[in-house]
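Structure first, commentary second.
Any read-out appearing in this document is the output of simple, stated calculations on the displayed coordinates, not a laboratory observation. Keep in mind it's a predicted model, so treat the numbers as computed, not measured. In this analysis, Cβ positions are derived from the backbone assuming ideal geometry, glycine residues included, and neighbour counts consider all displayed protein chains.
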Amino acid sequence: MAALDVSGLHKTYGDTAVVAGLSFTVEPGTCFGLLGPNGAGKTTTLRLCLGLTAPDGGEITLGGHSIPADAQSARARVGVVPQFDNLDPDFTCAENLLVFGRYFGLKDADIRPRIPQLLEFASLGSKANAKLSTLSGGMKRRLTLARALVANPDIVFLDEPTTGLDPQARHLIWERLKQLKSVGKTLILTTHFMDEAERLCDRLIVIDHGRKIAEGSPRELIATHIEPQVIEVFDESCGQLADFTENHRHLAERVEQSGETAFFYCRDPQPLLSALAAADGLRYVHRAANLEDVFIKLTGRELRD
Ligand code: ADP
C-alpha cells in the first residue's frame, strides 16, 4: 500500500487554480520531494494531503485513510515539520515535547521516557531544560523535527525543513532525515534547495502553477531533461562575453545567458574548453549537470515573488 496516493487533486482560490489536477504516489520508506518555484502550490498540496485544507476535487489516501473524510485518524500516524517553527516560547525543550505529545492523546507516562531519546536524536541532549529563547535557529528546527516524531509516526511531512539555516545546521538535519529513512519512515518534503532534493529524495515531482511538469529520481530527471556537461563562463570585466558566446554557441547544445554569466550546456565539452583556454579575460567553471539546471530549464530564470 502506498504511503500517500494523490489523484486528480484540484484547489482553487478565487479565480486561480492553485493545484490543477495533481497526481502522484509515494512508496513507503522513501523520501519524496515536491519542488517548484514560489507560489507553485507546494504548501497548499501538503495542507490538502494532511486534510488541513478542503480540496475542490480529486482523491487523497494517506496511510490508508481517505482525506479529508478520515483525516483525524491519518494525522495520528503522521508527523509534521511546518515551514515556520511554532514551538511554545514559554516552555523548555522537554516541555514542548511533552505538551505536543498530549495533543496526540499520549499519556505523560508514555511520553516522558521518550523525551531523552528524542532530544538526543535532535542533538539537543543537554538542552532538556533550556528555554526556547536560548536556542539558535538550527536548534529550534531540530526540536521541531523531534516534536514531529513524538508519537512515532510512519510518515513525516516537512515543509522547507532547512530554509534559513546555516550549512552546518542543514547538514545535521540532512543526516537526521537520512537516519529516519533508514529505519523505514516515509518522508515527504518541499524544498527550494536543489542540492537538498538531490541528496535526500528517491523520487520527486516538479510543480509549477499547480501542475506537475516533471517526475522521477534526481538522476532520471538530470538524464532526461538536460545535457550532461555544463560550462559556466564569467566576464572578468573586459566585456568580451557577448562576442565569445556569439562565436561559440555552436559548440554547445544550448546556451543561456544570466547577467554576467553564460551557461553552455554540452554533450561533449572538449571543443569549448579548448576555445576557452585560448581566450583571455574569461573565467569559467566546468561541472556535471545537476538538478538545479533541470529546475531552471523547466521553470525559467525569471524571479517569482
Ligand atoms: P508554494 O508553497 O509553492 O510557494 P503555496 O501553496 O503557498 O505555494 O501558494 C500557491 C498560491 O496559492 C499562491 O499564489 C498563494 O498566494 C495562493 N494561496 C495560498 N493559500 C491561499 C489562501 N488561503 N487564500 C488565497 N490564496 C492562497
Worksheet item: Using a Gaussian network for the chain with springs between C-alpha atoms less than 10 Å apart, which of these wobbles most: A20, A252, A279?
Response: A279
Practice prompt. Have a look at the DSSP beta bridges in the chain and tell me what percent are antiparallel, nearest 5.
Written response: 70 percent
Response to the item:
Per its Cα gyration tensor (rounded if a/c is under 1.5, else prolate when a/b beats b/c, else oblate), region 69-166 is best filed as oblate
Item to complete: Give me Rg over Rh for region 227-288, both radii from the alpha carbons and Rh done the Kirkwood way, two decimal places.
Response: 0.91
Practice prompt. May I ask you to order 141-147, 166-172 by the average number of other C-beta atoms within 10 Å around their residues, highest value first?
Written response: 141-147, 166-172
Fill in: Proxy reagent accessibility, fewest Cβ within 10 Å first, across L34, L52, L135
L52, L135, L34
Worksheet entry | Within straight-line cross-link reach of K127, lysines at Cα separation under 16 Å, skipping those fewer than 8 residues along the same chain | K140
Practice prompt. Among the aspartates and glutamates, select those whose C-alpha is under 16 Å from the C-alpha of K131, and discard any that sit fewer than 8 residues away in the same chain.
Written response: D85, D88, D90, E95
Item to complete: Given the options G125, G33, G239, state which has the largest fluctuation in a GNM of the chain using a 10 Å cut-off (strictly under) for Cα springs.
Response: G239
Practice prompt. Report the local net charge at F193: Lys and Arg +1, Asp and Glu -1, summed over other residues whose C-beta lies under 12 Å from its C-beta.
Written response: -3
Discussion item. Within 14 Å, Cβ to Cβ, of D280, how many net charges do the neighbouring residues add up to if Lys/Arg are +1 and Asp/Glu are -1?
Written reply: -2
Response to the item:
Per 10 angstrom bin, beginning at 0 and ending with the bin that holds the maximum distance, the Cα pairs of region 201-305 fall in percents of 14, 42, 29, 13, 2
Worksheet entry | Cα-derived Rg to Rh of region 4-222, Kirkwood definition | 0.97
Worksheet item: With N residues in region 263-305, what two-decimal value do you get for its Cα radius of gyration over 2.2 N^0.38 Å?
Response: 1.46
Discussion item. Compute the helix-to-body angle for 137-148: its Cα long axis versus the longest principal axis of the chain, expressed 0 to 90° and rounded to tens.
Written reply: 50 degrees
Worksheet item: By how many degrees, between 0 and 90 and to the nearest 10, does the Cα long axis of helix 93-103 differ from the longest principal axis of the chain?
Response: 70 degrees
Item to complete: Mark the label point 7 Å from the Cα of E260 along Cα→Cβ and return the residues of region 271-296 whose backbone N is within less than 11 Å of it.
Response: 283
Discussion item. Given an 8 Å cut-off on Cα distances and at least 6 residues of separation, report the relative contact order of the chain as a percent.
Written reply: 20 percent
Discussion item. Please give the Cα centre distance for region 213-239 versus region 11-85, rounded to the nearest Å.
Written reply: 30 Å
